[in-house]
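Nothing in this text is a laboratory measurement; each read-out follows from the coordinates by a stated rule. Computed from a predicted model, the values in this text were never measured in an experiment. We place every Cβ from the backbone using ideal geometry, glycine too, and count neighbours over all the protein chains shown.
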Amino acid sequence: MPEPRGRRVLLGVTGGVAAYKSALLARLLSEAGMDVTAVLTDSATRFVGPETFSALTGHSAYVSLWDRPGEILHVRLAHETDVAVVAPCTANTIAKLAQGLADDLLASTLLEYDGPLVLAPAMHPGMWGAVATQTNVATLSSRGVRFVGPVDGPLAHGDIGPGRMSEPAEIADAVFAAVRPRDLDGTRVLVTAGPTHEPIDPVRYIGNRSSGKMGVAIAREAAARGAEVTLVLGPATIAPPPAVEVIRVQTADEMRSAVIDRFTAADAVVMAAAVADFRPKAPNDRKMKKDAGVPDLMLEPTPDILGELGERRRSGQVLVGFAAETDDVEEAGRAKLRSKHLDALVANRVGREGTGFGSERNDATILVAGGRDVPMRIWSKAELASAVCDLIVRFLTGPGVAGRLGRS
Ligand code: PMT
């Protein structure tokens, strides 16, 4: 866990019954040695007062843009923050952050702020499940915002369901994790993401459901930790993170060329892309007519990019693969780890609602060559990206690759 001591936290508190628990969060963060400044919305002050936070943190707590005449408060606060957390975070604040509204001190500060952001939503289950809220959550997640909760439990008015704020200790852990070390400074990391499309004719293709979210999360995390990142991105609509080199490709062949070109210079390669395994042997260069009947598609295998990297790797290079399996996840993953000469492989269980392709979460285990595996569990893609980067750091600074793979 990165060292939180001395880091400056902006603690946003918005209007919800759980606001009283934020006082405990302020105390936990302060006890960890963090420098906490609270910003409350007007609605939050209906539940808890700024004086509580001033007393717990030793710093003034703010509510209004005009609390410090003569000073541009939201700009100063934004620039003096290493990590921001909003707990509880209402549906209204989530919507404002997704849209970039700046109509109060908290929203203005967070719009100006450009660092790690943790949100701990709290609201009624209907509001949390609303399409509008989930769309906003997806937008913010794709920008790297970390969500903690909400969890199931009793809510105001006797309701029960998903919408309860996570416990302060869990939120504090997410804040500590968000203060990442720059432990990939000076390294080059090559990441692949998204599907490939293998043309049948100029309008049709063979593809898969990968959205690119997993690979993009890894690229974002590695860049945030100081790596020079190249992202080879298949045909996905996801926005790539800023500050990474992006190479757009369509087919497995194009992905292979882009990866092979940059492989020698890379210290670590993470193949999160879902490369199509087969492609039409002879794609038509004109649109196939429906009237000509159902075509007989002859398929051939695409190049196994990761397999080739495993053969070509030089000593000291780190190679991480992914696998998506519906059955025998660990066994199949272990076989790929060995046959492709990888340092680690993230084996995903796919085919279930809510995880894997296109979702915000992966149900995965991390298999480590010559090391201790990380057991199967459900991860947010940001968390999994962080765990993969932790492993890369360990590999780059630990014993030689050949030793780990049991080769001399
Ligand atoms: O993109 P998302 O919507 O976020 O979804 C993420 C994901 C589920 C796609 C991702 O987490 C994942 O599991 N990616 C790998 C999927 C896959 O292609 O698995 P595989 O078992 O077919 O391939 C194993 C490994 O070999 C992968 O690292 C793959 O990139 C690589 N491969 C596969 C085929 C091929 N021709 N060349 C390759 O290099």
Quiz item: What number, rounded to the nearest 500 deg cm²/dmol, is the helix-based mean residue ellipticity at 222 nm of the chain, given -39500 (n - 2.57) per DSSP H run of at least four residues and division by all its residues?
Solution: -10000 deg cm²/dmol
Self-check item: Cα-based shape type of region 14-127, given that a ≥ b ≥ c are square roots of the gyration tensor eigenvalues and the cut on a/c is 1.5
Solution: rounded
Quiz item: If you take the square roots of the eigenvalues of the alpha-carbon gyration tensor of region 64-190 and sort them as a ≥ b ≥ c, do you get rounded (a/c under 1.5), prolate (a/b over b/c) or oblate?
Solution: oblate
Quiz prompt | Shape of region 299-403, Cα gyration tensor, a/c cut at 1.5 | solution = oblate
Exercise. Give the peptides 84-91, 363-370, 104-111 in descending order of average Cβ contacts within 10 Å, highest first.
Key: 84-91, 104-111, 363-370
Quiz item: Hey, which lysines would be in cross-link range of K281, C-alpha to C-alpha under 28 Å, not counting anything within fewer than 8 residues on its own chain?
Solution: K289, K290, K336, K340
Quiz prompt | Fluctuation leader among G333, G158, G126 - the chain, Gaussian network, Cα springs under 10 angstrom | solution = G158
Exercise. Report, in whole Å, the centroid distance computed from the Cα atoms of region 325-358 and region 119-150.
Key: 28
Quiz prompt | Mean Cα-pair separation over length for the chain, i.e. relative contact order, pairs under 8 Å, 6 or more apart, % | solution = 11
Self-check item: For region 188-405, share of DSSP beta bridges that run antiparallel, in % to the nearest 5
Solution: 40
Quiz item: Can you put M298, M271, M34 in order, fewest other beta carbons within 10 Å first?
Solution: M298, M34, M271
Self-check item: Percent of beta bridges antiparallel (DSSP, the chain, rounded to nearest 5)
Solution: 30
Quiz item: For R220, R394, R5, what's the fewest-to-most ordering of other Cβ within 10 Å of each Cβ?
Solution: R5, R394, R220
Quiz item: Convex hull over the Cα atoms of the chain, averaged projected area in nm²?
Solution: 23.2
Quiz item: Using a cut-off of 27 Å between alpha-carbon atoms, which lysines can reach K96, once sequence neighbours fewer than 8 places away in the same chain are excluded?
Solution: K21, K213, K381
